[in-house]
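The values are calculated or read from the model by the stated rules, or taken from the named source; none is laboratory data. Treat the numbers as computed from the prediction; the structure is a model and nothing was measured. Methodologically, a virtual Cβ is constructed for each residue, glycine included, from the backbone with ideal geometry; neighbour enumeration extends over all protein chains shown. These area figures cover heavy atoms from the full protein model, side chains too; ligands, DNA and RNA do not enter into them. Shrake-Rupley method; radii C 1.70, N 1.55, O 1.52, S 1.80 Å.
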Amino acid sequence: GIGGGGRLRNLYRRSFGSARSEILAAHSYFLPDRRFVRSITAAARRGVKVTLLLAGRSDVPLVRVATTRLYRRLVEAGVEIREWTRSVHHAKVAVVDGEKVLMGSFNLDPLSLSNLESLVEIDDPETAGAARRWFEQRAALARLVPREEALRRGFAGRLLDAIGSAVARVTERVGRLLSGR
């Protein structure tokens, strides 16, 4: 119910924090908090192959701007980012170490902390294999975000990052207000 999304976010963070070899995550609204971003970048820095499949087109364009502001930090840590541009992307699934699947309605954004969301954790190699194959098929059709693009620092890049940061802060405040945190 209201405010219960923290447990779901923590399930993601624990799963990513314990990853040994690979994290594959496909998410439509990707506005993780600082602690979650640290969890992802720490995994990549310790040698875990992290691939994110994110929305290259969004039904909420400001969320996309807020998401792309994170690209620099993620890519510097070794995260591979791919963008799904063929349609609006609404996937919410992660595969960890080819053994565990996290799937549901939970977005990695502050508003999911206050919405009535669900998340299923599946510890089954066969199911994880099917989810991994689905992810790889989608990722092969998605646009790889070039390192140079993610590291952009021109005026336009700084402006978009500032707008994205403002959107993320407002979204975080609204999420906190709605969840009573």
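Below, the figures for the structure above:
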quantity	calculated
Test for Val75: is it assigned to a helix (DSSP H, G or I), open to solvent by less than 60 Å² (accessible area, probe 1.4 Å) and of a type in the set (A, V, I, L, M, F, W, C)	yes
Test for Gly47: is it within 29 Å of Gly129 (Cβ to Cβ), at pLDDT 85 or above and in contact with a strand residue (DSSP E or B) (Cβ under 8 Å, 6 or more places away or on another chain)	no
Criterion violated by Ala77 - all others in (1) in contact with a strand residue (DSSP E or B) (Cβ under 7 Å, 6 or more places away or on another chain); (2) at pLDDT 90 or above; (3) of a type outside the set (Ser, Thr, Tyr) satisfied	(1)
Complete set of residues in the stretch 19-38 that are in contact (Cβ under 8 Å) with a residue 12 or more places away in the chain and either aliphatic (A, V, I, L, M) or farther than 21 Å from Glu83 by Cα (or both)	Ala19, Arg20, Ser21, Ile23, Leu24, Ala25, Ala26, Leu31, Arg35, Val37
Qualifying residue in the stretch 81-101 (condition: aliphatic (A, V, I, L, M), in contact with an Asp or Glu (Cβ under 9 Å, 6 or more places away or on another chain), crowded, with 17+ Cβ neighbours inside 10 Å and in a helix (DSSP H, G or I))	no
Residue among Arg45, Arg13, Arg64, Arg57 that alone is free of Cβ contacts under 8 Å to residues at least 40 places away in the same chain, open to solvent by 60 Å² or more (accessible area, probe 1.4 Å) and under 13 Å from the mean Cα position of the chain (by Cα)	Arg64
Filter pass, Ala139 being small (Gly, Ala, Ser), touching a strand residue (DSSP E or B) at 6+ places or on another chain (Cβ under 7 Å), assigned to a helix (DSSP H, G or I) and in contact (Cβ under 8 Å) with a residue 60 or more places away in the chain	yes
All positions within the stretch 14-35 that are at pLDDT 90 or above and either within 17 Å of Lys92 (Cα to Cα) or not in a loop (DSSP other than H, G, I, E, B) (or both)	Arg14, Ser15, Phe16, Gly17, Glu22, Ile23, Leu24, Ala25, Ala26, His27
Qualifying residues in the stretch 1-10 (those that are in a loop (DSSP other than H, G, I, E, B) and open to solvent by less than 40 Å² (accessible area, probe 1.4 Å)) - the one modelled with the lowest pLDDT	Gly3
Out of Glu121, Glu148, Glu117, sole residue that is in a strand (DSSP E or B) and at pLDDT below 95	Glu121
